[in-house]
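Read through the structure below, which is laid out as structure tokens, and then see the notes.
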Amino acid sequence: MTTVSVRVPAKLNLQLAVGPPRADGYHDLVTVFHAVSLFDQVTVEPAGRDGVTVTGEGADRVPADQDNLALRAITALRAALPDRETGAVHVTIAKRIPVAAGLAGGSADAAAALVACDELWAAGLTQQQLSGIGATVGSDVAFALLGGTAVGRGRGEQLTPALAPATQYHWVLAFADGQLSTPAVYAALDRLRESRSAEVRAAAEPDLDAALMSALRSGDAGRVGQRLSNDLQPAAVSLFPALRKTLTAGLELGALGALVAGSGPTCVFLAANAERALELAVSLSGAGVCRSVARVSGPVPGAAVVS
Ligand code: C5P
């Protein structure tokens, strides 16, 4: 096989509970990841030297050198395969997941590159082995490999698949006219918490929302919508105040729930069904509160080779 293509989904966090900063600068999380049908496609082929070409949504903002997360993942995979012939590769990333939007597009591309090179080099690593390598590149890489709906702990790389019925949820994503830096949003959250009383700060220890998990087990979108939560949301809104208007508009237009995606600035709305999602998407784009909208559904599987 000389070319391998892998499709990889964006992620949402249905809950994102953030603990205090750790000594290594990261934050312990308890999060409920959910993979949705907005995909990047990553293709690898043997080449004279490693390189990357990025096309599509926001391509000019993705590094095309060794800082590229897909290339970094490939370098890490090579280091884990010292006895195997792992020649240079050219990576082509067709982006549909917006860049720096809170949807883990960079981690998704890294995950896809791992799956693609594992296949190209016939390395036969398990998903767990690829996750271990991926976690050194980005906190969300392990989930992009797994997909579905899963509880994440630690930096988000320790995953447990959520047991839930095969309900498909219908989401509307409102893409913002701008970006947010993930480290900047975490730092803003730390500052917001610093300014509060010690009592409130002590309560910031992250904990899984049992009511959300129960709602997911019931498959009732209305209940799930009421339990969406994101500790990073106040920080994202403080850095990008226009998001407040977008969130309010979606709720007024009938969304079952609304929240900022990860570190933002994408806003996420849950709809009762596909028809409602279409109505909501049309109304939101007409309301002029975002750059563009997309309808997606989830859960979907993680990174997989396209046959
Ligand atoms: O792991 P990743 O490179 O995706 O993380 C980007 C940044 O987000 C980190 O450098 C850190 O500032 C912040 N982060 C964090 N705690 C996490 C995940 C990310 O503070 N659990």
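The values are calculated or read from the model by the stated rules, or taken from the named source; none is laboratory data. In this text, all values refer to a predicted model and were calculated from it rather than measured experimentally. Here the Cβ positions follow ideal geometry from the backbone for every residue, glycine too, while neighbour counts run over all protein chains shown. Remember, those area values only see protein heavy atoms, side chains included, never the ligands or the DNA or RNA. Shrake-Rupley method; radii C 1.70, N 1.55, O 1.52, S 1.80 Å.
Given points 7 Å out from each Cα along the Cα-Cβ axis, report the residue 226 to residue 163 separation in nanometres with one decimal.
Each label point lies 7 Å from its Cα, and together they span 2.4 nm.
What does the C-alpha gyration tensor say about the overall shape of segment 174-279? Classify as rounded when a/c is under 1.5, otherwise prolate if a/b is larger than b/c, or oblate. Numbers along the way, then the final one.
On the way: a/c = 2.54, a/b = 1.31, b/c = 1.94.
Here segment 174-279 falls in the oblate category.
Could you tell me the center-to-center distance, by alpha carbons, between segment 213-260 and segment 4-34 in angstrom?
Their Cα centres are 17 Å away from one another.
Compute the distribution of all C-alpha to C-alpha distances in the chain, in bins of 20 Å from 0, and list the percent of pairs in each, rounded to whole numbers.
Taking every Cα pair in the chain, the percentages come to 35, 57, 8.
What is the Cα centroid distance between segment 37-72 and segment 79-146, reported in whole angstrom?
11
Rounded if a/c is under 1.5, else prolate if a/b beats b/c, else oblate: with a ≥ b ≥ c from the C-alpha gyration tensor eigenvalues square-rooted, which is segment 26-132?
On the way: a/c = 1.89, a/b = 1.23, b/c = 1.54.
Oblate shape, in that a/c is at least 1.5 and b/c is the bigger or equal ratio.
Once both labels are modelled 7 Å past Cα along the beta-carbon direction, what's the residue 214-residue 307 spacing in nm?
4.2
Do any GluC sites (Glu not before Pro) in segment 83-184 lie in a DSSP loop with no more than 10 other beta carbon atoms within 10 Å, and if so, which? Could the numbers behind the result be given before it?
Numbers: sites: 85, 119, 157; in loops: 85, 157.
Sparse-neighbourhood loop GluC sites (Glu not before Pro): 85.
Evaluate E = 1/(1 + (r/R0)^6) for residue 61 and residue 184, where r is the Cβ-Cβ distance and R0 equals 25 Å; express this FRET efficiency to the nearest 0.05.
With a Förster radius of 25 Å, E is 0.95.
At a 1.4 Å probe, what is the % contribution of carbon and sulfur to the accessible area of segment 1-133?
Values: 2600 of 5300 Å².
Using a 1.4 Å probe with all protein chains present, segment 1-133 comes out at 49 percent carbon and sulfur.
Applying a 10 Å radius around every beta-carbon, put 259-272, 239-252 in order of their mean neighbour count, most first. Show your work: numbers first, answer last.
On the way: 259-272: 27.3, 239-252: 17.4.
Descending packing order for the listed peptides: 259-272, 239-252.
Could you pull out which residues in segment 259-273 have an amide N less than 17 Å from a spot 7 Å beyond the Cα of residue 282, following the Cα-Cβ vector?
It comes to 271-273, nothing else.
May I ask for the angle, rounded to the nearest 10°, between helix 274-287 and the longest principal axis of the chain, with both axes built from Cα atoms and the value confined to 0 to 90°?
Rounded to the nearest ten degrees, it is 80.
What net charge do the residues around residue 38 carry, taking every other residue with its C-beta under 12 Å from that of residue 38, with Lys and Arg at +1 and Asp and Glu at -1? Don't skip to the answer; put the middle values down first.
Numbers: positive: 7, 11, 95, 96, 295; negative: 40, 57.
Around residue 38, the charge tally is +3.
Enter the accessible area per residue of the chain (Å², integer; probe 1.4 Å; all protein chains in place).
On the way: 13240 Å² over 307 residues.
Accessible area per residue, the chain: 43 Å².
Using a 1.4 Å probe on the protein chains only, how many percent of the accessible area of segment 250-307 belongs to carbon and sulfur?
Values: 1280 of 2460 Å².
Reported share for carbon and sulfur atoms: 52 percent.
Based on the mean of other Cβ atoms within 10 Å per residue, sort peptides 295-306, 50-61, 158-169 so the most packed one is first. Can you show the working numbers first?
Details: 295-306: 19.5, 50-61: 15.6, 158-169: 14.0.
Ranked from most to least packed, the peptides come out as 295-306, 50-61, 158-169.
Please work out whether segment 32-83 counts as rounded, prolate or oblate from its C-alpha gyration tensor, where a ≥ b ≥ c are the square roots of the eigenvalues and a/c under 1.5 means rounded, while otherwise a/b larger than b/c means prolate and anything else oblate?
Numbers: a/c = 2.08, a/b = 1.32, b/c = 1.58.
It comes out oblate by the Cα gyration axes.
Please find the FRET efficiency linking residue 119 to residue 26, where r is the Cβ-Cβ separation and R0 is fixed at 45 Å, and quote it to the nearest 0.05.
On the way: r = 30 Å, r/R0 = 0.68.
Efficiency computed from Cβ-Cβ geometry: 0.90.
How would you rank 76-84, 179-187, highest first, on the average number of other Cβ atoms within 10 Å across their residues?
Working: 76-84: 14.4, 179-187: 17.2.
Per-residue Cβ counts within 10 Å, averaged per peptide and sorted highest first, yield 179-187, 76-84.
What FRET efficiency would be calculated for the residue pair residue 297, residue 2, taking the C-beta separation as r and a Förster radius of 22 Å, to the nearest 0.05?
Values: r = 33 Å, r/R0 = 1.52.
E between residue 297 and residue 2, to the nearest 0.05, is 0.05.
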